[in-house]
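Values quoted throughout were computed directly from the atomic coordinates according to the rules given, and no laboratory measurement underlies them. Worth saying up front: this structure is predicted, and the values here are computed from it rather than measured. FYI the Cβ positions are ideal-geometry reconstructions off the backbone, even for glycines, and counts take in every protein chain you see.
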Ligand code: HEC
């Protein structure tokens, strides 16, 4: 458990101490929620990565863009339905404007960016908090940083092949998700779960 995990769990517990009842004690188990969230992220990252690899192998990177374009959202939605979690991917440098961060996500992404600039280990960068949504429900929210790997550079790096760039231009006229280097912060997974009986 790195410092952020520890401190954010502390944060969430402090925020909720007001509402602590016997039921709340049973329901609000931050380490358990963090564990569940990590499992959901693993499932999503695994499925997205697997689809991408298979698509590049079958038809090359230009064809794989189509897969990203049409499959990323349904895969994310499918994983979301498991155990009441809502999952998405977001970034400060977006390719698809539909993935734009909300205010909470924007703040966490900015926090991740400054931690990344200070040399934080992106593989361990995560933040969680219990917040109250617009409907007055308590929601457990968590974000986990997504670092850029070597295998991402073909589509998010600075030397994108012309045929690929052309396809990206056509699909994403406002694309900002290029020019990354391996090890950069690409964005984050964002998860939320409504907490019942609190
Ligand atoms: C074959 C090209 C391709 C490769 C390789 C690729 N991506 Fe992407 N990426 C895309 C496309 C296309 C989208 C837009 C998907 C959509 O429309 O939702 C995208 C979107 C994203 C998003 C969602 C946020 C946004 O900007 O819309 C993240 C995060 C992301 N990619 C990270 C990565 C990471 C990390 C890797 C390497 C592990 C990677 N990508 C490899 C093409 C690619």
Contour minus Cα-Cα distance for residue 132 and residue 174 (0.36 nm per residue): 11.9 nm
Virtual spin-label span in nm between residue 39 and residue 165, 7 Å along Cα→Cβ: 4.5
Relative contact order (%) - criterion: Cα under 8 Å, at least six apart; region: the stretch 154-195: 41
Efficiency of FRET between residue 69 and residue 29 - r from beta-carbon atoms, R0 25 angstrom, step 0.05: 0.10
Centre separation in Å (Cα based) which lies between the stretch 129-172 and the stretch 97-124: 11
Likely footprinting exposure, 152, 68, fewest C-beta neighbours within 10 Å first: 152, 68
Gain in span if fully extended, residue 106 to residue 53, counting 0.36 nm per residue against the direct Cα distance: 16.1 nm
